[in-house]
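A short write-up of the structure that comes next.
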Amino acid sequence: MAHPLFGPEVKMMLAEKNSAGLREFCESLHPATVAEALEDFTPEQIWEAISSANIRTQASIFEYLPLALQVEMAEKARPQVGQLLSQMSHDDRVDLLRRLPPRVTEAIMRLVDEADRKDIATLFQYGENTVGSLMTTDYAWLPGTLTTAEAIDQLRQQAPDRETIYYIYVLDDPVRRPDGSPAPRRLLGVVSLRDLILAPRHALIRELMETDLVTLRYDEDAEAVAQLFARYDLIAVPVVDEQFGLLGIVTHDDVLDVVTREATEDLQRQGAVGPLEGNYLEASMWAIWKSRAFWLAFLFILQMGTINVMAHYEGKLEPKTEQPQSAQTTANAKKTTTGLAFMIVFIPLCLSVGGNAGSQAATLVTRALALEHVRVADWFRVFRRETLIAAALAATLGILAIVRTYFLTPDNIQEKVPPGMFWYLVWVVTFAVMGICLTGAVVGSMLPIAIKAIGKDPALMSAPFIATLSDVLGIAIFFNIVILFF
């Protein structure tokens with residue numbers, strides 16, 4: 001959607017070839033605002049709009065554009081992108097190059113200087129969705145032998161080219177691997193910018209640094225980053241290798257991207273949709289069909305189980321030909337009905353309870369697992385807790401079922417109930433609702449833990465999956481209670 005304020009103005013300046021106005025527009029506003037105003041323009045128009053600004057501003061604006069638009073612009077203007085890469089955040093430019101066709105990536109890499117090519121190649125080796133793929137090598141560091149005054153002077157020289165200087169990492173002397181190649185400097189400690197400014201001028205950095213460090217391994221899952229930042233309220237976290245060599249840092253803005261992406265994927269999985277890459281409106285029709293067709297087909301096949309269950313009990317609902325003897329009690333007379341087809345109308349009422357209760361429990365447990373409030377080892381505590389809660393919920397719904405069935409059953413259904421057996425109908429519906437509610441809640445809480453235990457994503461226990469499974473179990477519970485009473 002075009003920016004209502006700046007969009008028309010930019011179009012006018014483009015039409016008038018107003019380079020000075022475009023430069024002022026790009027350099028006076030925040031890059032995110034400029035990117036928002038340019039989102040609906042063609043790649044050619046965007047290049048024309050930002051080309052009047054200095055190269056650092058162009059790179060900042062380019063980084064705020066949607067990734068799909070960055071890819072399109074890169075494919076159509078490789079030389080310009082080659083220039084911007086040297087000014088972009090190290091992790092952002094790798095994300096861009098990962099999504100370009102190999103031939104385009106190779107063409108652009110030939111336009112980048114050797115130092116940037118080595119840095120890009122280093123970050124490229126880390127797998128997607130790992131900590132290594134999120135980190136940037138653009139960090140501030142100092143040796144521990146400097147005084148505070150010397151450190152501040154050196155930091156002034158580093159700051160213009162660093163993504164953040166709030167944390168300054170203290171590194172050991174360089175070492176080499178057995179094959180002679182340079183190894184990452186070992187991380188000794190970290191000093192905050194605040195501590196550096198407030199310290200005496202002649203104090204040594206190694207005396208100020210914090211050695212009790214919070215770090216991440218380069219091969220950890222990206223989800224671990226968000227959990228670590230939330231626990232320690234950090235702005236950046238160092239990423240190390242097996243020898244505690246500093247490889248890079250992950251900053252808070254990258255964590256927000258991870259949190260947004262993971263939350264989106266979990267919500268999509270809970271809706272029985274395979275995670276989509278990128279924006280919904282930008283995803284191809286094929287990708288959306290593929291992400292939804294599998295789960296719909298799987299749930300449809302699973303739902304077929306209800307047919308088998310109903311077919312199993314169908315013969316037991318047929319009218320009985322024998323008549324009860326006069327000496328039999330009403331309790332025995334209930335065994336010989338003139339047909340129980342009228343019970344079918346209560347099936348949707350009972351089954352809906354299982355799906356709803358199961359989805360509630362699955363949502364709560366899945367989120368608790370994601371936040372590490374619950375672990376697989378806590379399964380029995382969850383089982384016990386959910387059983388008690390489900391029992392209380394079942395009792396509540398049981399009372400509502402009695403009221404609904406006794407007072408609000410339609411007259412045409414009541415007429416089909418054999419004489420003296422209306423209370424049996426009330427108890428069938430009541431106990432069915434309670435049993436299905438209890439079963440649905442317990443199953444809904446246990447399945448995410450079971451999936452987590454085998455190393456899969458608990459979000460796979462989507463609400464539609466739980467609802468379908470609850471339907472199959474609910475049908476069995478309902479008809480068994482019918483047989484018990486009638």
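The values are calculated or read from the model by the stated rules, or taken from the named source; none is laboratory data. The structure presented is a predicted model; accordingly, all values stated were derived computationally and were not measured. When we count neighbours, we look across all protein chains shown, and the Cβ atoms used for this are built from the backbone with ideal geometry, even at glycine.
Before moving on, here are some points about what is shown:
- Residue check for Phe380: surrounded by 14 or more Cβ atoms within 10 Å (Cβ to Cβ) and either at pLDDT below 85 or part of a helix (DSSP H, G or I) (or both): no
- Considered as a group, the residues in the range 439-486 that are touching a residue at least 60 places away in the same chain (Cβ under 8 Å) and not in a helix (DSSP H, G or I) include one that is surrounded by the most Cβ atoms within 10 Å (Cβ to Cβ), and that residue is Met461.
- Search result, residues across the range 120-134 that are in contact with a Lys or Arg (Cβ under 8 Å, 6 or more places away or on another chain) and either more than 16 Å from Leu216 (Cα to Cα) or surrounded by fewer than 16 Cβ atoms within 10 Å (Cβ to Cβ) (or both): Ile120, Phe124, Glu128
- When the test is whether a residue is of a type outside the set (S, T, N, Q), assigned to a loop (DSSP other than H, G, I, E, B) and at pLDDT 80 or above, Val374 passes it.
Every residue, every condition in (1) surrounded by 14 or more Cβ atoms within 10 Å (Cβ to Cβ); (2) within 16 Å of Met88 (Cβ to Cβ), yes or no:
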{"site": "Lys17", "(1), (2)": "no, no"}
{"site": "Glu27", "(1), (2)": "yes, no"}
{"site": "Ala32", "(1), (2)": "no, yes"}
{"site": "Ala35", "(1), (2)": "yes, yes"}
{"site": "Glu44", "(1), (2)": "no, no"}
{"site": "Trp47", "(1), (2)": "yes, yes"}
{"site": "Ala53", "(1), (2)": "yes, yes"}
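Quick grid of which residues meet (1) among the small types (Gly, Ala, Ser); (2) in a helix (DSSP H, G or I); (3) under 28 Å from the mean Cα position of the chain (by Cα); (4) surrounded by 16 or more Cβ atoms within 10 Å (Cβ to Cβ):
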position	(1), (2), (3), (4)
Gln70	no, yes, yes, yes
Gln80	no, yes, no, yes
Glu106	no, yes, no, no
Lys118	no, yes, no, no
Thr145	no, no, no, no
Ala151	yes, yes, no, yes
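- Taken as a whole, the structure places Leu171 among residues that are out of contact with any Ser or Thr (no Cβ under 8 Å at 6 or more places or on another chain), assigned by TED's automatic domain parsing to the domain that holds Val240 and either surrounded by 15 or more Cβ atoms within 10 Å (Cβ to Cβ) or over 27 Å from Ala115 (Cα atoms) (or both).
- Taking residues in the range 372-396 that are in contact (Cβ under 8 Å) with a residue 24 or more places away in the chain and assigned by TED's automatic domain parsing to the domain that holds Ala450, and partners anywhere that are outside any helix (DSSP H, G or I) and among the hydrophobic types (A, V, I, L, M, F, W, C), the pairs with Cβ atoms closer than 7 Å and at least 6 places apart or on different chains are Val382/Val374.
- Residue in the range 173-186 that is closer than 21 Å to Gly248 by Cα and among the aliphatic types (A, V, I, L, M) present: yes
- Failed criterion for Ser60 (all others in (1) surrounded by 20 or more Cβ atoms within 10 Å (Cβ to Cβ); (2) farther than 23 Å from Arg98 by Cβ; (3) in contact with a helix residue (DSSP H, G or I) (Cβ under 6 Å, 6 or more places away or on another chain) hold): (2)
- Members of the range 149-204 found to be touching a helix residue (DSSP H, G or I) at 6+ places or on another chain (Cβ under 6 Å) and either without any contact (Cβ under 8 Å) to a residue 12 or more places away in the chain or among the aromatic types (Phe, Trp, Tyr) (or both), listed by number: Tyr166
- Test result for Glu265, touching a Pro at 6+ places or on another chain (Cβ under 7 Å) and over 21 Å from Thr137 (Cβ atoms): yes
- One residue from Val353, Val345, Val403, Val365 being in the same structural domain as Leu473 (by TED's automatic domain parsing), of a type outside the set (S, T, N, Q), in a helix (DSSP H, G or I) and free of Cβ contacts under 8 Å to residues at least 60 places away in the same chain: Val403
- Of everything listed in (1) over 21 Å from Ala159 (Cα atoms); (2) touching a Leu at 6+ places or on another chain (Cβ under 7 Å); (3) in contact (Cβ under 8 Å) with a residue 24 or more places away in the chain, the single unmet condition for Thr105 is (3).
- Residue check for Ala115: of a type in the set (Gly, Ala, Ser), within 22 Å of Glu36 (Cβ to Cβ) and modelled with pLDDT under 85: no
- Scan of the range 161-218 for residues that are assigned to a strand (DSSP E or B), farther than 14 Å from Gly245 by Cα and charged (D, E, K, R), ordered by number: Glu210
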